[in-house]
Amino acid sequence: MDPWTIPAYAVPALEAVWVIGIAVYIILQRRSAPATFAWVFALAFLPIVGIAVYFWLGPRRYERRRTRRRRAASVIERSAKMDRDILDAAQHDSQLAKMICSTVGIAGAVRHAELTIFLDGKSKYDALEEAIANASHHVHLEYYIFEPDRFGTRIRDLLVERAKAGVEVRVLVDGLGSSRTQRRFFAPLVDSGGQVRHFNEVSFARWRPRMMNFRTHRKIVVIDGSVGFTGGMNLTEVHSSEFLGEAAWRDTHLRLMGPAVAGLQRVFLEDWLYAGDDAPNADLYLPGGEHAPLADRLVQIVFSGPDENLDAIHKVFFTAIAGATERVQLTTPYFVPDETIQNALAAAALGGVDVVLLVPARGDLPLVSAAAESYYPELLESGVRIFALDEPVLHAKSLVVDDCAVVGSANTDNRSFRLNFELAAVIHDRAAADELAEAFAKDLAKARPVTREDLDERGFLRRLFSSTARLFSPLL
């Protein structure tokens, strides 16, 4: 027998067994059917590349970290005082409000919440700097990106100043999103008594490919337990006209005041405890008792991540869109919906609801943009109107449905709905919804409509690339 015969047959056989084993493992993870098919498809046609990419981005296993997350949540919940403004689900007529209370609990649902909507980085950053400068007890920040640019440096120096004044400063940044921000950048803050932690840090010393997923994409600021910020803006100068002029990115952010801030605080404290070992006394940061009514509106803080199987923000989007009777206005920089969201948008439009989608004309990820384009023909046929914004860069993430608005960190894609740690504020208030709708109309005036004729004029290769990219939508 030829000595090369056995290796010639053994290597392909071992490769086949390996691929089949990985495929079985993927199936047992109880992903959605499209996601399972996409990974198996990738393994079947690109076995070597598929396996490498899978171990880089694919695993959803989070058992040990999930246990740690639950322990963190339990510690915070046990020590937290309940606020008189927290609502029972039965106290609100909205099906969406009841669903949120049933899914994530009532901890983030409050009746009296004052809020300010920021539609540009300059106004948000001015308000943030003022709030930090006036902090007297603590400043808590959690960001996906804390960029060491001119604005990031200014915020760091302001935090250093407050830390030197005796204010407790805690900064939590994502290990991947803020990977360009070296520890030496935060050294002045740490030397002044502030604390800095990295969420699922990515380092060569402790290389964990699976942690390329499971990022905290949340943007949370809590100051003295009474002022909070959340939305789509990171800490980087690209959002502000002060640094980029008219080229500043278009984004949306919120400032909350009053008891609604407790929802942000709880999420931050859980994330902080998860990223480290010490548990701050939550009672010092989650004050209970009565509050003077600030505004008669219901705000719910909704959070989701791979540590739980509820996919709460996905459920918020679906429930809101499916229950729409008047309008649906969705703004997202990344649009790769699953079948549930796609069908909800189409069904709403077919039912006579004015459904409008605003996306960037050119995304920064070609594969994601191509996949998004593949959904447009079906949505257009259902009556959904689609607009593409060329300039400025669109980074806002908001949803307006009838009298309700959702503003947060989540994109309309599988990564935000199921793989990242995300947060959103659900605002049950006509005035706030109308304010966001007015901003949406101004954005549409600068955008161009996407028509079926535009899509039909695409070349064969572009259409093929778009359709192929769609096969991998659950992985994006």
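Report yes if GLU237 is among the charged types (D, E, K, R), out of contact with any helix residue (DSSP H, G or I) (no Cβ under 7 Å at 6 or more places or on another chain), farther than 27 Å from LEU419 by Cβ and at pLDDT 90 or above, otherwise no.
no
Can you pull out the strands (runs of 3 or more DSSP E) entirely within region 267-382 that have at least 1 residues that are acidic (Asp, Glu) and farther than 30 Å from LEU464 by Cα?
296-304, 354-360
Being of a type in the set (A, V, I, L, M, F, W, C), closer than 24 Å to LEU244 by Cα and at pLDDT 95 or above is true for just one of PHE146, PHE186. Which residue is that?
PHE146
Could you tell me whether ALA405 is part of a strand (DSSP E or B) and assigned by TED's automatic domain parsing to the domain that holds SER467?
Taking the combined requirement at face value, the residue satisfies it.
Name the residue that is nearest to VAL450 (Cα to Cα), counting only residues in region 393-402 that are outside any strand (DSSP E or B) and within 21 Å of the chain's Cα centre (by Cα).
The extreme case among them is VAL393.
Of the numbered conditions (1) over 26 Å from ASP413 (Cα atoms); (2) of a type outside the set (Asp, Glu); (3) surrounded by fewer than 24 Cβ atoms within 10 Å (Cβ to Cβ), VAL238 fails exactly one; give the number of that condition.
The number of the failed condition is (1).
Exactly one condition in (1) modelled with pLDDT of 95 or more; (2) under 19 Å from LEU419 (Cα atoms) is false for HIS137; which is it?
Of the numbered conditions (1) modelled with pLDDT of 95 or more; (2) under 19 Å from LEU419 (Cα atoms), the odd one out for HIS137 is (2).
Residue by residue through region 417-476, note down the ones that are at pLDDT below 90 and in contact with a Leu (Cβ under 6 Å, 6 or more places away or on another chain).
Passing the criteria: only ALA469.
Which ones in region 241-261 are polar (S, T, N, Q) and crowded, with 23+ Cβ neighbours inside 10 Å?
Correct list: THR252 only.
What's the total number of residues in region 404-439 that are closer than 13 Å to THR331 by Cβ, in contact (Cβ under 8 Å) with a residue 60 or more places away in the chain, more than 11 Å from the chain's Cα centre (by Cα) and buried (at least 21 other Cβ atoms within 10 Å of the Cβ)?
2
Restricting to region 301-333, and then to whatever is polar (S, T, N, Q) and at pLDDT 90 or above, can you tell me which residue is nearest to ARG362 (Cα to Cα)?
So the residue we want is THR332.
State which residue pairs qualify: first residue of a type in the set (Lys, Arg) and inside region 445-471, second residue part of a strand (DSSP E or B) in any location, beta carbons under 8 Å apart, and separation of 6 or more residues or different chains.
LYS446/LEU389; ARG448/PHE387; ARG448/ALA388
The values are calculated or read from the model by the stated rules, or taken from the named source; none is laboratory data. Nothing here was measured: the structure is a model prediction, and the numbers come from that model. When we count neighbours, we look across all protein chains shown, and the Cβ atoms used for this are built from the backbone with ideal geometry, even at glycine.
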